Every structure is written in structure tokens, then in C-alpha cells.
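The values are calculated or read from the model by the stated rules, or taken from the named source; none is laboratory data. Nothing here was measured: the structure is a model prediction, and the numbers come from that model. Positions of Cβ are generated from backbone atoms using ideal geometry, with glycine treated the same way; all protein chains shown enter the neighbour counts. Please note that ligands, DNA and RNA were not included when accessible areas were found on the heavy atoms of the full protein model with its side chains. Shrake-Rupley method; radii C 1.70, N 1.55, O 1.52, S 1.80 Å.
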Amino acid sequence: MTADPIDPVRLAIPSKGHLYEGIIEILKTAGYKVRRASDRQYEATIAGQPRFHVVFMRPTDIVLQVQEGRCHLGVTGMDVYAEQAFEAQEAAVVVPDLGYGGCRLVVAAPESWVDVGHVMDLVDLTAEFKAAGKTFRVSTKYPALVRQYFRKWGIYYYQLIDSEGALELHPSLGIADVIVDLTSSGVTLKDNRLRELAGGIVLDSAACLIGHAPSLSSLVAEGETGPLALLLDAMDGVRRSEGLLHLEVVGSPAAPGTETAAAVAAYLRGQGAQHIARGEVWDDGGGPGWRVTALVAAKRLTACQRALFDLGASRVVGLPARFVFDRDAASTFDDLKERLAAQVAETSRG
Ligand SMILES: Nc1ncnc2c1ncn2[C@@H]1O[C@H](COP(=O)(O)OP(=O)(O)OP(=O)(O)O)[C@@H](O)[C@H]1O
Ligand SMILES: O=P(O)(O)OC[C@H]1O[C@H](OP(=O)(O)OP(=O)(O)O)[C@H](O)[C@@H]1O
């Protein structure tokens, strides 16, 4: 007996903050426009996608709800997922890096600690605290990750101060000696006279897509035209097109056409362009010409155009690429399908 398809497919999205805008943009570009009446409304639909139901939550709750299966898919931070992953075994990573929300979880100490520059220095320092009968205190929102990380460095004598928000104040208020917190630009640490320790990256994080493992199996079973495959394929296409222009360079063969087109193609290859193709074209009056198409990083185009004219091009057009699908590129859906099949095989063996 086959189970009924999951309907609606519940997708959880962070309700605000660093991880909100990015996913709304990705979904919109992928053709999944989220219709949210107001930023206080915690449910939404997706235009033209009746199978999906969107709910807005805090990133930490998203991991929990995906783990419990109340939400089938969720967008959260890898930091938040990794912290809860020890307990959230039903929540599986589908896309580890959605290309935004980049930050790192780091160990930071007061700038005034001139003798403490590397996380290794904490091995001796924490031992000295212990020998002097003092407690070395570490403020963090990520106790599980910090314990695992300190164990890896052989740091054992410390006490975790489990805290929420504004940890950067803790050393100056005497609440903690060091903190383990997120940073991206580094401004907050600097403005609070803290310094990231060398070797002190506990985790590199980005926005990620997770899913409830049993629900993923059921969605994968719907195949390549099911809602999960269509969503993941669209998101793959969007991510692969990011920052790219579809370039068309045309010219008339003043020199023998094929040579000019070949020189243009070689030049574009040197500029890092991908998927270069060339061919003959005829203008409106039937005159012969050539055309080279390629995908090129948008930021490089303006620096290229004069060189292309020097090579014999008469027109250069760059259109923003919205989707790039490439038969040979990795597919998130296919990878997920393989991973799930491997897990089933593993379970039935064991
Ligand atoms: N400075 C930053 N730059 C980029 N991404 C960040 C940054 N700080 C945090 N993040 C990412 O955003 C996630 C949520 O942080 P944010 O502050 O936006 O949410 P929040 O509403 O404060 O969450 P909560 O209410 O659970 O604390 C973090 O877990 C991390 O993945
Ligand atoms: O390195 P920076 O670019 O300065 O960013 C670091 C800050 O960003 C996060 O705080 P957030 O802005 O999310 O505020 P929060 O304290 O409410 O979490 C994090 O907790 C840091 O405090």
C-alpha cells in the first residue's frame, strides 16, 4: 500500500532577520512567489503552487518543527541546525549552502589579552584558571558545538554560560572571559573591543534547506514531476545562474568570419566564460555574420566589451540569466534520492 502524497507540503521560513530576505528572493526568482499579507502574518501561500504552505518561525524552531515532521521542509542557519543536529536526527540537510546568510561561529577574547592570540593559548590559560581555583567562563548560544570544539582542542576546564543575545557585552561586564558567537563583518566584535582568535572558527555557516527525512522519502517517491523535484530543480537553476549574464556577441566577417568568431570565443574563455558556442548568422539584409554566445560573470562584462570590439565584434548584448540548467551538473534532487536510497539499503543490511 502506498501512502497518500503529502498535501500540503509545509515549508518553514525564518520570519525576519538575516535569513528572511534571501530565501524570499531565491523563491521568487525560481517562480515561487511567497504571498504574505503582512510581516506579522505567520502563514502564507505561494502563487500558483497550491501544494505548498509556508509558515514563518524563528530559525531554532524551524529545526525543531522539521525534526518533529510538522514542517516537511525548512530554511534555517547551518549554525542553528548543527547545534541541534545532535538531537534532531530526523532533520536532514537538503541544501547545505543557499548562497546567503554567511557568517562564522568564532571564539573571541578581549583585545586587551595580548598573550592570547590563538585558540591553543586557551589550553594553558584554562589550566591556569583551574590551578588558581578560578572558573574560566564562556558565553554562548551554542553549548553543544562549543563542547565538541573545545574537546577537539583539549580544552576541558571551563564553564559554559548559556545566554541569548548581546554576548559581546559579557567580557566587559564580567559575565564571561571569552565568548563564542556569530560574526560576519567583524564590526560588532571590534566595536566591543573583542578579537577573534586565530584557529577559533567553530563553524562556517550559511542559510541552508533542511527536510524531515521520512517526508523527504515520500516527496522523492513522487518523482521528477513531484513538488519537491520541481522546487529543487528550480532552486538549482537559480543558484547556478547567480551573477551570470547570457552574452551574445555578433559581428560581420570583415576578416574570414570563423576566425573572428574563434578569436572572440578564445578571448571569452580567457575571461572565465562558460558554455561558449559560435555559429554563422545572417542579418536582415541577408548579409553573412557570426555570433558567439556564452555565460559570463556580469561583473566582468563592462571590462570585456572594448576588447570584443577590437577583435571585430559589432554588438555585445548581456541579458541576466535567471536559470541555468546543465545536463552534466549535479542535481540536488538526484543527490537526495541517491542518499535516501543508500540509507534504506544500509538500514536493510544492518
Ligand atoms: N551577522 C550575520 N550575518 C549573516 N548571517 C547571520 C549573522 N548573524 C546571524 N546570522 C544568521 O542568521 C540566523 C538568525 O539570526 P537572526 O539574528 O537573524 O535571527 P533571530 O531572529 O535573532 O533568531 P533568534 O530569535 O532565534 O535569536 C543565525 O542563526 C545565522 O545563521
Ligand atoms: O560581524 P557582524 O557583521 O558585526 O555581525 C555579528 C552580529 O550579528 C549577529 O547579531 P544580530 O545582528 O543577528 O543581532 P542579535 O544580537 O539580535 O542576534 C551576531 O549575534 C553578532 O552580534
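Here are the numbers for this structure:
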{"quantity": "Average accessible surface area per residue within segment 244-320, 1.4 Å rolling probe, Å²", "calculated": "58"}
{"quantity": "FRET efficiency estimate (nearest 0.05) - Cβ-Cβ, Thr188 to Asp39, R0 22 angstrom", "calculated": "0.35"}
{"quantity": "Anchor Lys141: lysines whose Cα lies under 21 Å away (excluding residues fewer than 8 positions away in-chain)", "calculated": "Lys16, Lys152, Lys190"}
{"quantity": "Percent carbon-and-sulfur accessible area, the chain, ignoring ligands, DNA and RNA, probe 1.4 Å", "calculated": "51"}
{"quantity": "Karplus 3J(HN,Hα) series, Hz, for segment 52-58 with 6.51 cos²θ - 1.76 cosθ + 1.60 (x for Gly, Pro)", "calculated": "9, 10, 9, 10, 10, 8, 6"}
{"quantity": "DSSP beta bridge pairing in segment 103-203, given as percent antiparallel to the nearest 5", "calculated": "55"}
{"quantity": "Heavy-atom accessible area ranking, 1.4 Å probe, most first, across Thr258, Thr126", "calculated": "Thr258, Thr126"}
{"quantity": "Electrostatic dipole magnitude of the chain [Cβ: Lys, Arg +1; Asp, Glu -1; Cα centre; debye, to 20]", "calculated": "400"}
{"quantity": "Amide H partners (placed H, <5 Å) of Gly312, local residues excluded", "calculated": "none"}
{"quantity": "Exposed GluC sites (Glu not before Pro) absent - longest run of the chain, DSSP non-H/G/I/E/B, at most 12 other C-beta within 10 Å", "calculated": "165-350"}
{"quantity": "Alpha-carbon Rg with Dmax, taken over the chain, Å", "calculated": "26.1, 91"}
{"quantity": "3J(HN,Hα) from dihedral phi, segment 138-151, Karplus parametrisation 6.51/-1.76/1.60, rounded to Hz, x for glycine, proline", "calculated": "10, 8, 6, 9, 10, x, 5, 5, 5, 4, 4, 5, 5, 4"}
{"quantity": "Amide hydrogen neighbours beyond the local backbone of Arg137, cut-off 5 Å, H modeled", "calculated": "Gln159, Asp177, Val178"}
{"quantity": "Segment 332-350 and segment 16-93: distance between their alpha carbon centers, rounded to Å", "calculated": "24"}
{"quantity": "Long-range HN-HN contacts of Val94 with modeled amide H, under 5 Å", "calculated": "Leu209, Ile210, Gly211"}
{"quantity": "Cα lying deepest toward the dipole's positive end in the chain, options Gly251, Ile6, Met57, charges on Cβ", "calculated": "Gly251"}
{"quantity": "Charge tally in the Cβ shell below 12 Å around Ala12, where Lys, Arg are +1 and Asp, Glu are -1, Ala12 excluded", "calculated": "0"}
{"quantity": "Karplus-derived HN-Hα couplings along segment 292-306 (A = 6.51, B = -1.76, C = 1.60, θ = phi - 60°), whole Hz, x at Gly and Pro", "calculated": "10, 10, 6, 9, 9, 5, 3, 5, 9, 4, 5, 6, 8, 4, 5"}
{"quantity": "Per residue value of the accessible surface for segment 82-183 (all protein chains in place, 1.4 Å probe), Å²", "calculated": "49"}
{"quantity": "Surface accessible to a 1.4 Å probe, Trp153 within the full protein complex, Å²", "calculated": "70"}
